[in-house]
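Report on the structure given below.
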Amino acid sequence: MGSNPHGTAELAGFKYRFVPAVQNSSRTLLLLHGTGGNENDLLDLGRSIAPDAALISPRGKVLERGMPRFFRRLADGVFDEADLLQRTAELAEFIELACRTHDRDPQSLIAVGFSNGANIACAMFFKHPNSLAGAILMRAMVPFQSQTPPPLNRKPALMLSAENDPIVAIEETERLAELLAGADADVTLQWSHTGHNLSQPDIVAATRWLEALV
Ligand code: MLT
């Protein structure tokens, strides 16, 4: 990891940051940034919503006009589902290696994804549900158009969506919530009166949800 133990490292082809837990907390957050973000973007948010958790924060490997993403898209809101499938498998491999490298229990790993990061977290629920104990999905979209998730066995998912989001339609959010709940995920859908960007109500809701999670 070089001379700075908390600096950017690399594993399974992902650049990432790891921040250790405080006071032996067993919780780990997997932070997944939005388009144009990087491994540093969500560290403050992670610390704020789970002050004691370890943080694993990878940078998406796909570049769209220089902007990191976790998978390709064909147009705004139209995902390259073949690429998404492959990137989801790569992320599952990264998660396994990162947990082993940093001695974190994968059974306690909660994904916290924003926008493009929420979408790949959702895709994990569809394709590699055992890689995550749960997820906070901020401004998420339906990852695969004509597929349903496997049985999710009450896996907890907090969807933080916004009534005035110009990127994610209300109907799409409702469809995603139905798909996840239909696969028996334990879905909490919370709306804010905001747009696509994150705001204080998201932080408050995420903090409370994590506190209530056993
Ligand atoms: C984004 O700009 O990240 C989109 O809203 C979501 C996506 O393309 O995954």
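The values are calculated or read from the model by the stated rules, or taken from the named source; none is laboratory data. All of these numbers come straight from a predicted model, not from anything done at the bench. Note that we place each Cβ from the backbone using ideal geometry, even for glycine, and neighbour counts take in every protein chain shown. In case anyone asks, the SASA skips ligands and DNA or RNA and just uses the protein heavy atoms, side chains included. Shrake-Rupley method; radii C 1.70, N 1.55, O 1.52, S 1.80 Å.
What are the trypsin sites (Lys or Arg not before Pro) within the range 71-159 that DSSP puts in a loop, where the Cβ has at most 12 other Cβ atoms within 10 Å?
When the trypsin sites (Lys or Arg not before Pro) of the range 71-159 are filtered for loop state and at most 12 Cβ neighbours within 10 Å, 154 remain.
Once you place label points 7 Å from the Cα toward the Cβ at residue 76 and residue 44, how far apart are they in nm?
2.7
Hey, can you grab everything whose amide H is under 5 Å from the amide H of residue 73? Only 5+ residues off in sequence or another chain; H modelled, so Pro and N-termini drop out.
Amide H neighbours of residue 73, under 5 Å, 5+ apart: 80.
So with the 1.4 Å probe, I'd like the accessible area per residue for the range 1-142, rounded to whole Å².
Numbers: 5710 Å² over 142 residues.
So the range 1-142 comes to 40 Å² accessible per residue, rounded to a whole number.
Excluding residue 192 itself, calculate the net charge of residues whose Cβ lies under 11 Å from the Cβ of residue 192, where each Lys or Arg counts +1 and each Asp or Glu counts -1.
Here the charged neighbours net out to -2.
Can you give the % of DSSP beta bridges in the chain that are antiparallel, to the nearest 5?
35
Give me the net charge of residue 103's neighbourhood, meaning all other residues with Cβ under 14 Å from the Cβ of residue 103; Lys, Arg count +1, Asp, Glu -1.
Every neighbour counted, the sum reads +1.
Percent of alpha carbon pairs in the range 65-182 separated by more than 19 Å? Display every interim value, and only then the final one.
Details: 3030 of 6903 pairs.
Looking at the range 65-182, the distances longer than 19 Å represent 44 percent of pairs.
How big is the accessible area of residue 44 in square angstrom, nearest 10, if you roll a 1.4 angstrom probe over the protein chains?
Spelled out: residue 44, probe radius 1.4 Å, area about 130 Å².
How much accessible surface area, in Å² rounded to 10, belongs to the heavy atoms of residue 194 with a 1.4 Å probe?
Surface open to solvent at residue 194 totals about 40 Å².
I need the P(r) histogram for the chain: all alpha carbon pairs, bin width 5 Å from 0 out to the longest distance, whole percents.
1, 7, 17, 22, 22, 17, 9, 3, 1, 0
Once R0 is set to 22 Å, what does the formula 1/(1 + (r/R0)^6) return for the Cβ-Cβ distance between residue 86 and residue 171, expressed as a FRET efficiency to the nearest 0.05?
Working: r = 28 Å, r/R0 = 1.28.
So, using R0 = 22 Å, E works out to roughly 0.20.
By accessible area of protein heavy atoms, probe 1.4 Å, what ranking do 170, 203 get, highest first? Don't skip to the end; give the middle numbers.
Working: 170 60, 203 35 Å².
Result of the area sort, largest leading: 170, 203.
For the range 39-48, take each phi angle, set θ = phi - 60°, evaluate the Karplus expression 6.51 cos²θ - 1.76 cosθ + 1.60, and give the result in whole Hz per residue in order, putting x for glycine and proline.
5, 8, 3, 9, 4, 5, 4, x, 4, 6
Within the range 136-214, report the GluC sites (Glu not before Pro) that DSSP leaves as loop and that have at most 12 other Cβ atoms within 10 Å.
Hits after loop and neighbour filter: 163.
Relative contact order of the chain: what whole-number percent is it, with Cα pairs under 8 angstrom and at least 6 residues apart?
Relative contact order, the chain: 16 percent.
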